[in-house]
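Asker: Would you mind keeping the following structure in view while I ask a few things?
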Amino acid sequence: MRIVRRVYLTYNEKNVTKPLIHEMGKKFDVVTNVRIASIKGDLGLVALGVEGEEKEVDAALKWIEGEGVKVEPIEKTDSV
């Protein structure tokens, strides 16, 4: 089942300059939609929609967490 999961991504000084959202779209069969983004110094915050099959979305978000990005849900429910 295709879903859209909306999350906040918080980057730190170690990963704020890396193109991780781009890499996510290449590594996983997901479509990303940046809703808003802000970078101040060594801290970055992104509101992101991630669309795809639930298994792919979960794997993509787990991967980006493994890269040191904090992932927090914006909404409690998934939508299409």
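The values are calculated or read from the model by the stated rules, or taken from the named source; none is laboratory data. Small disclaimer: the values here were computed from a predicted structure and weren't measured. A quick note on method: Cβ atoms are made from the backbone with ideal geometry, for glycine too, and the neighbour counts reach across all protein chains shown. Please note that ligands, DNA and RNA were not included when accessible areas were found on the heavy atoms of the full protein model with its side chains. Shrake-Rupley method; radii C 1.70, N 1.55, O 1.52, S 1.80 Å.
Asker: Mind checking the dipole of the chain: about its Cα centre, +1 per Lys or Arg Cβ, -1 per Asp or Glu Cβ, Debye to the nearest 20?
Answerer: In total the dipole reaches around 180 debye.
Asker: Largest first, please: the extent of the C-alpha atoms of segment 26-80 along each principal axis, to the nearest Å.
Answerer: Cα extents, longest axis first: 35, 21, 19 Å.
Asker: Given a 10 angstrom Cα cut-off, can you work out which residue in Leu48, Leu61, Leu20 is the most mobile in a GNM of the chain?
Answerer: Leu20
Asker: With every protein chain present, what is the per residue accessible area of the chain (1.4 Å probe, Å²)?
Answerer: Dividing the accessible area of the chain by its residue count gives 65 Å².
Asker: Under 10 Å, Cα contacts only: if you run a Gaussian network model on the chain, which one of Lys40, Lys55, Lys26 comes out with the highest mean-square fluctuation?
Answerer: Lys40
Asker: Further, regarding this structure: Using θ = phi - 60° and the Karplus form 6.51 cos²θ - 1.76 cosθ + 1.60, what ³J(HN,Hα) does each residue of segment 15-25 get, whole Hz, x for Gly and Pro?
Answerer: Residue by residue, segment 15-25 yields 10, 5, 9, 7, x, 5, 5, 4, 4, 4, x Hz.
Asker: Let me ask you something else. Less than 13 Å Cβ to Cβ from Glu67, Lys/Arg counted +1 and Asp/Glu -1: what total charge do the surrounding residues give?
Answerer: Once all neighbours under 13 Å are counted, the net charge is +3.
Asker: Under a GNM of the chain (C-alpha, springs under 10 Å), which listed residue has the highest mean-square fluctuation: Gly68, Gly49, Gly41?
Answerer: Maximum among the listed residues: Gly41.
Asker: Express the carbon and sulfur contribution to the solvent-accessible surface of the chain as a percent, rounded to the nearest whole number, probe 1.4 angstrom.
Answerer: Its accessible area is 52 percent carbon and sulfur atoms.
Asker: Is it possible to state the helix-based mean residue ellipticity at 222 nm for the chain, with each DSSP H run of 4+ residues giving -39500 (n - 2.57), the sum divided by total residues, to the nearest 500 deg cm²/dmol? What is it?
Answerer: -8000 deg cm²/dmol
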